[in-house]
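The values are calculated or read from the model by the stated rules, or taken from the named source; none is laboratory data. Remember, predicted model here, so these are calculated numbers, not experimental data. Virtual Cβ from ideal backbone geometry, glycine too; neighbours counted across all protein chains shown. All accessible areas refer to the heavy atoms of the entire protein, side chains included, with ligands and DNA or RNA removed. Shrake-Rupley method; radii C 1.70, N 1.55, O 1.52, S 1.80 Å.
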Amino acid sequence: MTINAVSPGLYYSDLVQKAKGLQKVAFDAIKTVLARTTEQGSRTLISAEIAGPESHSRYLEDCKVGKPFK
């Protein structure tokens, strides 16, 4: 069994569709600058799923395996 910690990062989705006013404006501005598409965000989730035993107990971000936890 391989257990990993995964961060898909910030990506566009409808999770904050109920945001209103200044909160919506601020989040839309942040998304425009920093967010990825949902497809790009899902790549790290998929890479964690298919990663081998060398990724056990590692942090994955941007489809890359990080250093082991201490």
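If the condition is being within 11 Å of Val65 (Cβ to Cβ) and either of a type in the set (S, T, N, Q) or open to solvent by 80 Å² or more (accessible area, probe 1.4 Å) (or both), then segment 33-52 contributes Thr44, Ser47.
Evaluated against (1) closer than 11 Å to Pro8 by Cβ; (2) part of a helix (DSSP H, G or I), Leu60 falls short on exactly one condition, (2). Checking each residue in segment 1-40 for being of a type outside the set (A, V, I, L, M), assigned to a helix (DSSP H, G or I) and more than 30 Å from Ser57 (Cβ to Cβ) picks out Gly21, Gln23, Lys24, Phe27, Asp28, Lys31, Thr32.
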